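One structure below.
The values are calculated or read from the model by the stated rules, or taken from the named source; none is laboratory data. These figures come from a predicted structure and were not determined experimentally. When we count neighbours, we look across all protein chains shown, and the Cβ atoms used for this are built from the backbone with ideal geometry, even at glycine.
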Amino acid sequence: MPTTIPLTRTTHPKAKPRDEELSFGKFFTDHMFLMEATADQGWHNPRVVPYGPLSLDPSAAVLHYSQEIFEGLKAYRSPRDTILLFRPDKNAARLNRSAARMCMPAVDEPLFLDAIKTVVATDRDWVPRAAGTSLYIRPAMIATEPFLGVRPAQAYSFFIILCPVGAYYAEGFNPVKILVEDHYVRAVKGGTGDAKTGGNYASSLASAEEAHHKGYSQVLWLDGVERKYIEEVGSMNIAFVIDNEFVTPALSGSILDGVTRDTTKQLVKDWGIRVVERPITIDEVLTASRNGRLQEAFGMGTAAVISPVSELAYKDAKLAIGNGEVGPLAQRLFDEISNIQRGLKPDPHGWVVEIR
Ligand SMILES: *Cc1c(COP(=O)(O)O)cnc(C)c1O
């Protein structure tokens, strides 16, 4: 465990939830990482402290103009009882791409990794043990300067909080029904769709609510200009298997560059399947489905790893994909990625980082 980051231990450790009680984002561990940046000092005072409320001025810029970014990754407990991270360098790099887009200060990548390692090591007893469970890691940066003018703030906080999360598929793979959104849009090229920033989520809530009322768990976003090209699903990237090829929307500037998407592409390539990144229209997917050429569709993201899609609803059409069953590639990817993440299988690409 790195020793450069000072630690203040809680005097009131919380009762840990039982593995059966876990869900997503509900329980938080005993400690958090915290540091601040100002224009003249840069990032300073990195520390691990008891988990608790932040003190913010009501005029703090983040509360008014949403200058905020975040990341999401997980720590897993291996069968040898070590704690493993999966490709945290990708999260560090993406945080800084998001920071640049939102006019926020970069975080030194080694410090980002040390901060995660230190806080996770401090709360290592919180990494759950049951199959499929993990410790979700949420780094976030907010603009804290008390100032209502519209310009990049001159003061920031960066923090990392941790929550034990349950198995995403506690009762086996649960394919999702997805509504193709043809009214609202999530992002446009030149906007902030490729930054991991809270505002993208705030603007997606109305669409998600309407989809839930219609019985769909997620929406599939189309491009913001022509409402024709497929972008991504809620908090996941999307891929299709068409004519035995793995097809996923190219990074266009309006979708997020997912770590799981990148991991999936590499594995699929390793397995000798052709990977195609290009613009894909919703009409093409409908046609491929009608002609029997659409074999699978699945989301890719840290929370679920792989999320098979059993139905796509678009305007009046309802497409059943793979007879509602989980496709072989989705299953193989889910198993392979989960097993590498948990130290149950060799890691030929050097993706796993052990926390000591
Ligand atoms: C975080 C996120 C993803 C998935 O990225 P991973 O790194 O694979 O977890 C996809 N889309 C959006 C909008 C996201 O915020």
| Does the stretch 63-83 hold any residues that are among the aliphatic types (A, V, I, L, M) and within 16 Å of the ligand (Cβ to nearest atom), and which are they? | I69, L73, A75
| query | Considering only strands (runs of 3 or more DSSP E) fully contained in the stretch 284-356, which possess at least 1 residues that are in contact with a Gly (Cβ under 6 Å, 6 or more places away or on another chain)? | reply | 294-301, 305-314
| field | Flag if V225 is more than 16 Å from the ligand (Cβ to nearest atom), crowded, with 16+ Cβ neighbours inside 10 Å and of a type in the set (V, I, T) | value | no
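Here is a yes/no grid of residues against (1) within 16 Å of the ligand (Cβ to nearest atom); (2) in contact with a helix residue (DSSP H, G or I) (Cβ under 6 Å, 6 or more places away or on another chain); (3) in the same structural domain as D89 (by TED's automatic domain parsing); (4) over 19 Å from G327 (Cβ atoms):
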site: S217; (1), (2), (3), (4): yes, no, no, no
site: V233; (1), (2), (3), (4): yes, no, no, no
site: V247; (1), (2), (3), (4): no, no, no, no
site: D270; (1), (2), (3), (4): no, no, no, no
site: D283; (1), (2), (3), (4): no, no, no, yes
site: R290; (1), (2), (3), (4): no, no, no, no
site: G301; (1), (2), (3), (4): yes, yes, no, no
| said: Condition first: basic (K, R) and surrounded by 13 or more Cβ atoms within 10 Å (Cβ to Cβ). Now tell me which residues in the stretch 15-58 satisfy that. | reply: K16, R47
| task | Would you check which residues across the stretch 206-220 are outside any loop (DSSP other than H, G, I, E, B) and farther than 16 Å from L286 by Cβ and list them? | result | A206, S207, A208, E209, E210, A211, H212, H213, Q218, V219
| said: Suppose we filter the stretch 180-201 for residues that are of a type in the set (G, A, S), in a loop (DSSP other than H, G, I, E, B) and in contact with an Asp or Glu (Cβ under 8 Å, 6 or more places away or on another chain); how many remain? | reply: 2
| message | Condition check: within 15 Å of the ligand (Cβ to nearest atom) and hydroxyl-bearing (S, T, Y). Does S307 satisfy that? | response | yes
| Of (1) in contact (Cβ under 8 Å) with a residue 60 or more places away in the chain; (2) more than 16 Å from the ligand (Cβ to nearest atom), H183 satisfies all except one. Which? | (1)
| task | Among the numbered conditions (1) buried (at least 19 other Cβ atoms within 10 Å of the Cβ); (2) in contact with a Phe, Trp or Tyr (Cβ under 8 Å, 6 or more places away or on another chain), tell me where L319 comes up short. | result | (2)
| message | Pull out all pairs, ordered by first then second residue, where Cβ-Cβ is under 7 Å, the residues are six or more apart or on different chains, the first lies in the stretch 1-16 and is at pLDDT 95 or above, and the second is surrounded by 11 or more Cβ atoms within 10 Å (Cβ to Cβ) and among the hydroxyl-bearing types (S, T, Y). | response | I5/T118; L7/T122
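Which members of the stretch 235-245 meet the condition of being surrounded by fewer than 22 Cβ atoms within 10 Å (Cβ to Cβ), within 13 Å of the ligand (Cβ to nearest atom) and under 20 Å from E284 (Cβ atoms)?
Correct list: empty.
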